1. Percent of Cα-Cα pairs more than 43 Å apart in the protein assembly as shown, please.
2. Hey, in the GNM for chain B with a 10 angstrom Cα cutoff, which one of B:Ile315, B:Ile247, B:Ile300 fluctuates hardest?
3. Under 17 Å between alpha carbons, and skipping anything fewer than 8 positions from B:Lys181 in its own chain: which aspartates and glutamates qualify?
4. Sequence-distant or interchain residues sharing an amide H contact under 5 Å with B:Arg30, placed H: which?
5. Taking chain B as a Gaussian network, Cα atoms linked when under 10 Å apart, which of B:Asn165, B:Asn352, B:Asn368 shows the biggest mean-square fluctuation?
6. Mind checking A:258-269 for the average number of partner chain beta-carbons within 10 Å of each residue's beta-carbon?
7. Provide, in order from the shortest bin, the percent of all Cα-Cα pairs of segment A:27-218 in each 10 Å bin, continuing until the bin that contains the maximum pair distance.
8. Based on a Kirkwood Rh over C-alpha pairs, give the Stokes-Einstein translational diffusion coefficient of segment B:152-254 at 20 °C and viscosity 1.002 mPa s in µm²/s.
Amino acid sequence: MPTLTDFLQFLFAGLTNGAIYALIALGFCVVHNTMGIVNFTQVDLVSLGGMFLYSALFLFGLPMPLALAGAVAAAALSGMAVERFGIRPSRSGNHLVLIFLTIGLSVILRGIMKLVWGKNRMAVPPLTADEPIRLFGATLLPQILWIFLLTTAAVILLIWIFRHTTLGLCMRGVASNPAAAAVVGIDAGRIRMVSFAIAGAMGGLAGALVTPITTLSYDVGVLLGLKGFAAAILGGFGSFGGAIAGGLLLGLLESLAAAGLSSAYKDVIAFGLLLLVLFIRPQGLFGAGKR
Amino acid sequence: MKNGTALFTVMALGLFLCWSNASSAAENIRLGAFFDLSGPASNIGTPTRLVAEMAVAEINKAGGVDGRKLELMIGDTEGNPAKAATLAKKFIYKDKVAAIIGPTRTGTGMTVKPIVEKAGIPTFMTVGGDPIIMGGKFGSYEYVFKSPQRSEVAVKRLFTYLRDNKLNRVALLYAADSFGKDGAEWMEKLAPEFGITFAAQESFGPQDTDMTAQLTRLRNAAPQAIICWTIGPAGAIVAKNRHQLGIDLPLFQCHGLPDPKYIELAGAASEGDRMPSTKLLVAAQLPDSDPQKKTILNFIHLYEEVYDFDRQFPINTHSGYAWDAVTIVAEAIRKAGTEPKALRDTIEATKNFIGVSGIYNLTAEDHNGLDVDSMVMVEVHQGGFVLAR
């Protein structure tokens, strides 16, 4: 019978994965809010975050804080490059075309990563020492605390940008009415590029934080990204609060299903519940209803 | 005039190519070789190809087979069974190969199996799964052989060790893919024979990144040891999770993980983990009386110093399988020639063949030919593999 300590352990495991799903979900939401599309390169921006961290540490020999900042910045730049050289030249307003374009770009990014970093699994060191900390009988890695801390900081920063800066105002403007935004002189192309940069930073941070736990390869972001996508839908696609709640909920569902019911069917249980939620609330938990 | 010259050059070139092609076909013995050179298992397929090429180069350097050179026709299965099927047909009907080496993965191998069976071309696979050389519902296996040990052999090796160390009550954690389930089935089947009981069983998805929930449940069942059966990075994650949870039960991994990569991915958490392995990883520690020692040390010398593969692909437990497949086939061609039926019969009659991965004794029923004594138990000790005590 699981004790209270065990339950705490499952809770930590769930929240760790949940925080990562939430970061990725936020990346999906930012682009969705300004362009109205699902950006599938998000999954590769996660892998890229881990790759850049690896290179910064071992190729350039940077200390960890600098390497982490560099990895996030480089992932943000990659996001901008995807928008500028991948999406914008298509000059298409058709959402379906754009979404397919992101799928193609995602395959290209994975190919590039395979060429640059190779096909082998790599080990990324955690931010600080790997000795587990005991907390009320349960144990957790320092990396898990870093994940909670930095995810929270990133979310607060994101919300602050959106609510309290001119840039955020412009982004909200482009999201709600691109034509009107253009009339008042907002450069929609630039705003979209910024949204890709933020998506890249979110994905890159998620990748840099989680790969010390999961190990790193060119396709590590695919499954994580898929879960992040599911989390974004669960929370109501586009809603920031929803993305965070959706991510944490999905992580907890997985962990508790594995612990309480059956480890073999935990994904079936977690995604079954996700479907159930969407049957009852098609717009997601925090969705704005019909658009 | 200028055009005339160009035309003549092209014709001459064409003639030259035809001639060189025809002559090489008459002289060389062709072997088809296809592996996962791209796709998810490319980190296994690429070094396998390098080793196969190394084996062929060494045989040719020593004068080839009866004065004829071996020639590898390389193909990339891309981890795609349909692509592998196309390549197998190309090898058989267009390249007219004498035998085929590969593919890399069990699923791909199962697709290729009926094709080579129908055409009657001896095929030496480097796949892990046993169904390749099992009959009944898995189809006939007259022409199909494989060089890596069966899962059954690895399980027996592990269970012998557990019995000798009086670890009778174990908890089992396996991946919910075909490899993990195959291992779990063999363990359940063989457990009574070795007096081993299972305190608990849990599984996880091969792509999962956190197994603390499963390990917590296993710990609560109070076993004497934990056995984990999976390939890839999941095994390293289990080791790290066990360390994180502070579970001080011994952890045993399967025969797919003895690889410097495992230690690199799991870090200090892998210290003390034990697993069944080929002798390749602990060659220096083998007694001089071991009949394989000379072969293995020669292989390591070639791999690391002559061909310099180890910087990109450090030697692991699987490195020798392509070498064994190529050398057994070459030896059989030397004895029987390239007529497929005779070649098949000769491969099947291989006895006491000292390979890198074990001593092969093939029979009509056993198209692998490696027994429990081809494996040793190894232990992670100070960042390297040593023989387990």
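1. 33 percent
2. Its mean-square fluctuation being the largest, the pick is B:Ile247.
3. Here the aspartates and glutamates satisfying the reach criterion relative to B:Lys181 are B:Asp130, B:Glu152, B:Glu202, B:Asp208.
4. B:Glu71, B:Ala98
5. Greatest mean-square fluctuation among the candidates belongs to B:Asn165.
6. Rounded to a whole number, the mean comes out at 5.
7. 9, 34, 31, 19, 6, 1
8. D = 160 µm²/s.
The values are calculated or read from the model by the stated rules, or taken from the named source; none is laboratory data. All figures in this text were calculated on a predicted structure; none of them were measured in a lab. Using ideal geometry, Cβ is built from the backbone for each residue, glycine included, and neighbour counts are taken over all protein chains shown. Ligands, DNA and RNA are excluded from the accessible area calculation, which covers all protein heavy atoms including side chains. Shrake-Rupley method; radii C 1.70, N 1.55, O 1.52, S 1.80 Å.
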